[in-house]
Amino acid sequence: MQSSRSKPCSCPSLKLREVASMYFTMVAAFLVILVVALQGSAPRESPFPYKVPLDPQGLLELSWNVSYPEQAVHFQLLIRELQFGLLFGMSDRGEFENADLAVLWSDGHNSYFGDAWSDAKGQLHMDSQQDYQLLGARRAPEGLYLLFRRAFSTCDPKDYLIEDGTVHLIYGILEQPVHSLQAINISALHGGLQRVQLLKPNVSIPELPRDMQTMEITAPDVVIPSQETTYWCYMAELPASFPKHHIIMYEPVVTAGNEALVHHMEVFQCAAEFDSFPHYNGPCDSKMKPERLNYCRHVLAAWAMGAQAFYYPEEAGLAFGGPGSSRYLRLEIHYHNPLVFKGRRDSSGIRLYYTATLRPYDAGIMELGLVYTPVMAIPPGEDNFTLTGYCTDKCTQLALPAAGIRIFASQLHTHLAGRKVVTVLSRDGRERQVVNADRHYSPHFQEIRMLKEVVAVFPGDELITTCTYNTEDRSRATVGGFGILEEMCVNYVHYYPQTQLELCKSAVDPGYLHRYFNLVNRFNDEEICVCPQVSVPQQFYSIPWNSFNRDVLKSLYAFAPISMHCNKSSAVRFPGEWEKQPLPSITERLPEPVPRCPPTPGPQPAAPVPLNLGQLRR
C-alpha cells in the first residue's frame, strides 16, 4: 500500500480532546496488567525488562518488552524534559531519511501523536497505515511516559521490518513548536541513534546453585577521557592457586550516572603460556600499554548497552581457574562520550557468577568464518560485497564427538566495513538451519547473544558464515587482517561439550589467487607486479578496479578451492590434507523468511491522535 501524503491536520474539537484524554488515562491505568501478561524472557515483576538510554545525557529512556505470541513489541518511552515533542523510530543504518517514525509534536497548545515516515529527502509524511499504536501517555515527577505498541511486521512498505539482530533506533527532539507534521525540519533537530537487539530470545532462566559466588572485574575509579571514543584497558588477577570453577552467569555493573557513556564491555582471559602479565590501567591504544596484553584475547564475558544478564545452560559452564588456565584477566570498556563530558569517574565492569560444583559439561568457544589473511579482499566502492568462510564436513567429521555439540550463543564480528553476517548449518548438501543472522549488523554493537533455540551440530555437518561489506567510502582494496581498516568475518559460537576444535575457518587457496593476479595483469594495460617480493596487499592495492577485475574476483571466491584451518586450541591443525579443498556443494538452500502480516485492522484514517498534555513551553 502506498502511503498518502498528509495534509496539515485541523485541530480537533474540545470535546474530542477531552474524550481522548480520558481514554488514554484509562489505558495507562490498565497497561501494567496488559504487559505482565506478555510472554517475555525476564522476571514477571518487570513489565518492561529491557532498558536503554537513547541520548548521551539520559534525557530519553526507552524500555520495552517482547510478545512472541502477539508478534509485537511494547515500548515505554520516558521523556525527562519535554519541550515540543520528539521523533522516535527505526531505519536501516540509523539514517533519518527513509525512516519509520512515531512522532509526538505540539504547536504549544495542542499535542498530537502519529505514525509517519520520511522520504529520501527527509520530508515527513503521515502514514496511511497507523501501525505505531498509542496505548497511553502520563505525566510523572520524572517526566512524561509514552506507551505504544508496534507489530514485528506490518506489511506496510513504508514500515521497518523488526527482525532478529541489531536494530538502529533514531530519535530527534523538537525544540520549537510546529503547526503540522510537514513543518518539522529533520535537519534542524537535535537527534541521534542507539543500537539495540529488540527481539530478545524467550529463554528460561536456569536455577542457580546455592554455592554460587560472585567476582567483580571493574575499572578502578577511572576518569573517563574527555573525547568521543575511548577503549579503556584494566588488568585484573585471580587469587593464587584459584581452582577450576564454572562461570554460570554474568551481568553488567554500570556506575550510576554513566549509563549513557558505557557502550560495551568485555572480559578477556590471558594466554596460559605466560607465567605473568604486567599490571596496566589506561587507554587500550596507548603506546604505554605493554605488548604482552595483546595475548589476552580469550573472551570470558561480553556485554553491550541494552543487554541483560547472560546465563549458561544448566548443563554447562565456562571453565576458568585451575591447571592450564591463566590467572590474568583484561577488562576492556568502550566509553562513548559524544558530548565530551569532563571529570566523569567510572567503576563499571562485569560481575561473574561462578560455582565450584562443576556442571556436567565445560562450555567451549569456537571460531567460524574466515582466516585473518589478506588473500580475502573487498574492492573499493562496493555497496554489497560478500565473502564466505567454511567449516567443512571433513573437519567436523574428524573433530566433533559422535553425539555432536550444542551451540547456545553466538557473537558475530567484523571490522568497520561489515554490514551483515549470517551463519547457516548445512547437512548432506542441504541448508538446515540459521545459526545466527544479523541483517543490520554494526561493528559498533557487538555482544554475545543467546540463541532462541539450541543448534545441534553433528560430525559431517558444515557451518557456513557469510559477511556482507560496504566500501563505498574507500579508494583502495580492503584486505583481511587484524587492523581496524582491514577486515574480518567471524562468528564466535558458544557451545558444549567443549572439544579440541577451537578454530574452523577457511580462505581462498593462495595459488588460485596468484593466478587471478596473473590474469588481471594480462588483461589490463596497467602493470601489476606479481613478483614474490611484493606482498598480497600491495598487489591488491595496485589493481585498477574496473568491472572485469571485480567480477573475476567475485567468481574466484565463489568457485576456487580453499585452504582449511581445522585447528586445535594449540593452533595446530588436526592431521589431514587441508590445502586445495573443494568448496562445499549446497544443493538446497533455506527459503527467505516471509514476513507474517497481522490481521487486517478496521478503517484507520491517516490522522494523528490528539493528546491532552497541556500547554508546552521551552
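The values are calculated or read from the model by the stated rules, or taken from the named source; none is laboratory data. Just so we're clear, the structure is a prediction, and the values are computed from it rather than from any experiment. Backbone-built Cβ (ideal geometry, glycine too); neighbour counts: all protein chains shown. Heads up: the accessible areas ignore ligands, DNA and RNA and are worked out on the full protein's heavy atoms, side chains in. Shrake-Rupley method; radii C 1.70, N 1.55, O 1.52, S 1.80 Å.
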Quiz item: For the range 541-553, does any single residue satisfy the condition of being modelled with pLDDT of 90 or more and in contact with a Leu (Cβ under 7 Å, 6 or more places away or on another chain)?
Solution: yes
Exercise. Would you mind telling me which numbered condition in (1) assigned by the TED database to the domain that holds R476; (2) open to solvent by less than 30 Å² (accessible area, probe 1.4 Å) K394 fails?
Key: (2)
Quiz item: Can you name the condition, by its number, that L193 falls short on among (1) part of a strand (DSSP E or B); (2) more than 23 Å from G306 (Cα to Cα); (3) of a type in the set (A, V, I, L, M); (4) not assigned by the TED database to the domain that holds I350?
Solution: (2)
Exercise. With the condition kept exactly as written, say whether any residue in the range 353-361 is buried (at least 21 other Cβ atoms within 10 Å of the Cβ) and not aromatic (F, W, Y).
Key: no
Practice problem: Taking L208 as meeting all but one of (1) under 25 Å from the mean Cα position of the chain (by Cα); (2) open to solvent by 10 Å² or more (accessible area, probe 1.4 Å); (3) closer than 30 Å to V66 by Cβ, write down the number of the exception. | Solution: (1)
Exercise. Starting from the range 178-194, take each residue that is farther than 13 Å from L86 by Cβ and list its partners that are charged (D, E, K, R), counting only C-beta distances under 6 angstrom and pairs at least six apart or across chains.
Key: H179/D107
Self-check item: Single match in S153, S128 (criterion: in a loop (DSSP other than H, G, I, E, B) and modelled with pLDDT of 95 or more)
Solution: S153
Self-check item: Among the residues listed as Q411, Q446, the single one being closer than 20 Å to L300 by Cβ and either of a type in the set (K, R) or assigned to a loop (DSSP other than H, G, I, E, B) (or both)
Solution: Q446
Exercise. Would you be able to tell me the number of residues in the range 51-87 that are part of a strand (DSSP E or B), open to solvent by less than 10 Å² (accessible area, probe 1.4 Å) and under 21 Å from H264 (Cα atoms)?
Key: 5
Quiz item: Does the range 340-365 hold any residues that are modelled with pLDDT of 95 or more, assigned to a strand (DSSP E or B) and either closer than 27 Å to T230 by Cα or of a type in the set (A, V, I, L, M) (or both), and which are they?
Solution: R345, D346, G349, I350, R351, L352
Quiz item: Filter the range 447-470 for residues that are under 16 Å from the mean Cα position of the chain (by Cα) and of a type in the set (A, V, I, L, M); which is farthest from V267 (Cα to Cα)?
Solution: L451
Self-check item: Restricting the range 323-339 to residues that are open to solvent by less than 20 Å² (accessible area, probe 1.4 Å) and assigned to a loop (DSSP other than H, G, I, E, B), the residue that is farthest from A240 (Cα to Cα)
Solution: N337
Quiz prompt | Pair list, Cβ < 7 Å and 6+ apart or interchain, from the range 488-514 residues that are over 22 Å from L387 (Cβ atoms) to residues that are open to solvent by 10 Å² or more (accessible area, probe 1.4 Å) and among the β-branched types (V, I, T) | solution = H494/I365; H494/I448
Exercise. Confirm whether E577 is open to solvent by 60 Å² or more (accessible area, probe 1.4 Å), out of contact with any helix residue (DSSP H, G or I) (no Cβ under 8 Å at 6 or more places or on another chain) and at pLDDT 95 or above.
Key: yes
Quiz item: Does any residue in the range 449-462 that is closer than 16 Å to Y68 by Cβ come within less than 8 Å, Cβ to Cβ, of a residue that is among the charged types (D, E, K, R) six or more places away or on a different chain, and which pairs are these?
Solution: K452/D164
Exercise. Filter the range 131-150 for residues that are within 28 Å of the chain's Cα centre (by Cα) and either surrounded by fewer than 18 Cβ atoms within 10 Å (Cβ to Cβ) or not in a loop (DSSP other than H, G, I, E, B) (or both) and give the result.
Key: Q133, L134, Y145, L146, L147, F148, R149, R150
Practice problem: Take the range 279-290 and flag every residue that is in contact (Cβ under 8 Å) with a residue 40 or more places away in the chain and either open to solvent by less than 50 Å² (accessible area, probe 1.4 Å) or outside the structural domain of G322 (by the TED database) (or both). | Solution: Y280, G282, P283, C284, K289
Exercise. From (1) open to solvent by 20 Å² or more (accessible area, probe 1.4 Å); (2) of a type outside the set (A, V, I, L, M, F, W, C); (3) touching a residue at least 60 places away in the same chain (Cβ under 8 Å), pick out the condition that doesn't hold for Y171.
Key: (1)
Quiz item: Any idea which residue in the range 259-292 is farthest from I350 (Cα to Cα), counting only those that are more than 27 Å from the chain's Cα centre (by Cα) and of a type in the set (F, W, Y)?
Solution: F274
